[in-house]
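K.L.:
I'd like to ask you about the structure that follows.
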Amino acid sequence: MTGGGGPFQDRIALITGASRGIGRALALTLGRGGATVVVNYKKNADLAEKTVADLEEAGGRGLAVQADVESVDGVEALFTTVQEQFGRLDHFVSNAAAGAFKNIMDMKPHHLDRSYAMNLRPFVLGSQHAVRLMDDGGRIVALSSYGSIRAYPTYAALGSMKAAIESWVRYMALEFAPYGINVNAVNGGLIDSDSLEFFYGVPGMADQATVLDRIPKGRAADVQEVADTIAFLLSAGSEYITGQTLVVDGGLSVVAPPFFADARAPLSLPPRPTWDS
Ligand SMILES: NC(=O)c1ccc[n+]([C@@H]2O[C@H](COP(=O)([O-])OP(=O)(O)OC[C@H]3O[C@@H](n4cnc5c(N)ncnc54)[C@H](OP(=O)(O)O)[C@@H]3O)[C@@H](O)[C@H]2O)c1
């Protein structure tokens, strides 16, 4: 199947960690829009090839590229492949992440070093490479999370890197605006993916049902809902947005104690009013 004039026709996109989860959903979304997508992965070659097959079926073109972005050489090799295969880039999405979920007092220096090397450095080094391959209209998006602005058990190493990502987005927006390149972040709340199950298995975390109950929308996000937000930031419609973090969390970050669910009358929410009430 060929693209047929979709919104991402003739665009070249690189997504780190696109074999699964949000990265895969975004690869398929861009593929449906006619893009050529470089599907980066670390271990799961079969899943990456499946993403490529599915996005090609949807109308795009794909290339699976193994590279461990935790290493400086891995990031460089990934972008060298993009340069050799396509000679340019329109969209760079820094999506892959991994963390040691530990209480602060249990963290060793290597946990701190790896958290930086895995979660922040690939975004900064990758953006340096991306800018060299982008023309006016280039777009960079990084994935952040709820832990960048709120604290909860065992997430410090990763949450602090996400906060740094949001700060870097502002600095990059400033320095890359003269090149015509926009830089933004998407901050996800609870998202229904492999990592959600893993995370709520960590000792010390509240159970998933309790946290879901605190979300005004009453549920986790689907990966597609996050992918759609990233796609918007890559699209022509977001031309005047740069240096921002778009929060996709069903309202989780705007609620504060006392939660309506905890409070007694008269703070509890009344039933939904009707036209006649
Ligand atoms: N899921 C959530 O609830 C949630 C909430 C907020 C924010 N986020 C953020 O959204 C992003 C995506 O999360 P996700 O849950 O969709 O991810 P995921 O399902 O856990 O998938 C992780 C992806 O990253 C790849 N990856 C892992 N380590 C890598 C490395 N060293 N080099 C290259 N690729 C690597 C994996 O490749 P392999 O398949 O080869 O291992 C896989 O494609 C992350 O930045 C995360 O922090 C997620």
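K.L.:
If amide H atoms are built 1.01 Å from N in the plane of the peptide, which residues on other chains or at least 5 residues away come under 5 Å of the amide H of Gly188?
P.N.:
For Gly188, whose amide H was placed from the backbone, the distant partners under 5 Å are Ser144, Ser145, Tyr146, Val248.
K.L.:
Same structure again: Name the residues whose placed amide hydrogens come within less than 5 Å of the amide hydrogen of Phe101, ignoring near sequence neighbours (fewer than 5 apart) on the same chain.
P.N.:
Hits under the 5 Å cutoff: none.
K.L.:
Let me ask you something else. Could you grab the relative contact order for region 1-96? Cα pairs under 8 Å, six or more apart, rounded to a whole percent. Write out the running numbers ahead of the final one.
P.N.:
On the way: 214 pairs, mean separation 31.9, N = 96.
Across region 1-96, relative contact order equals 33 percent.
K.L.:
I need two numbers for region 1-129: Rg to one decimal and Dmax as a whole number, Cα atoms only, in Å.
P.N.:
15.5, 55
K.L.:
Just to be sure I understand the rule: take each whole DSSP H helix in the chain, project its Cα atoms onto its long axis, keep it if the span is 20 Å or more and its mean Kyte-Doolittle hydropathy is at least -0.5. Which ones pass?
P.N.:
Details: long enough: 72-86 (21 Å, 0.30); 156-176 (29 Å, 0.59).
In the chain, the long hydrophobic H runs are 72-86, 156-176.
K.L.:
Using the Cα atoms as the points, what is the convex hull volume per residue of the chain in Å³?
P.N.:
Per residue, the Cα convex hull of the chain comes to 155 Å³.
K.L.:
If we count other beta carbons within 10 Å of each Cβ, what is the order of Tyr116, Tyr41, fewest first?
P.N.:
Placing the least packed residue first, the sequence is Tyr116, Tyr41.
K.L.:
Right, here's the next one. For region 81-203, compute Rg over Rh where Rg is the Cα radius of gyration and Rh is the Kirkwood radius from the inverse mean 1/r over Cα pairs.
P.N.:
Rg/Rh for region 81-203 comes to 1.02.
K.L.:
Helix-only estimate, please: 222 nm mean residue ellipticity of the chain, summing -39500 (n - 2.57) across DSSP H runs of length 4 or more and dividing by its residues, to the nearest 500.
P.N.:
So the calculated ellipticity at 222 nm is -12500 deg cm²/dmol.
K.L.:
For Trp275 and Leu112, calculate 0.36 nm times their separation in residues minus their Cα-Cα distance, and state this gained length in nm to one decimal. Let's see the in-between values first.
P.N.:
Working: separation 163, 0.36 × 163 = 58.68 nm, distance 5.56 nm.
Difference between extended and current length: 53.1 nm.
K.L.:
Once you mark the trypsin sites (Lys or Arg not before Pro) that are in a DSSP loop and have at most 14 other Cβ atoms within 10 Å, what is the longest gap between them in the chain?
P.N.:
In the chain, the maximal stretch lacking such sites is 151-216.
K.L.:
Right, something else. With a ≥ b ≥ c the root eigenvalues of the C-alpha gyration tensor of region 112-162, is it rounded (a/c under 1.5), prolate (a/b larger than b/c) or oblate?
P.N.:
oblate
K.L.:
Moving to a separate point now. Compute the relative contact order of the chain as a whole-number percentage, counting only Cα pairs closer than 8 Å that sit 6 or more residues apart in sequence.
P.N.:
Relative contact order of the chain: 16 percent.
A short reminder: the numbers here are calculations on the coordinates, not readings from a lab. Note that the structure is predicted; figures quoted are calculated from it, not measured. Cβ atoms come from the backbone with ideal geometry, glycine included; neighbour counts cover every protein chain shown.
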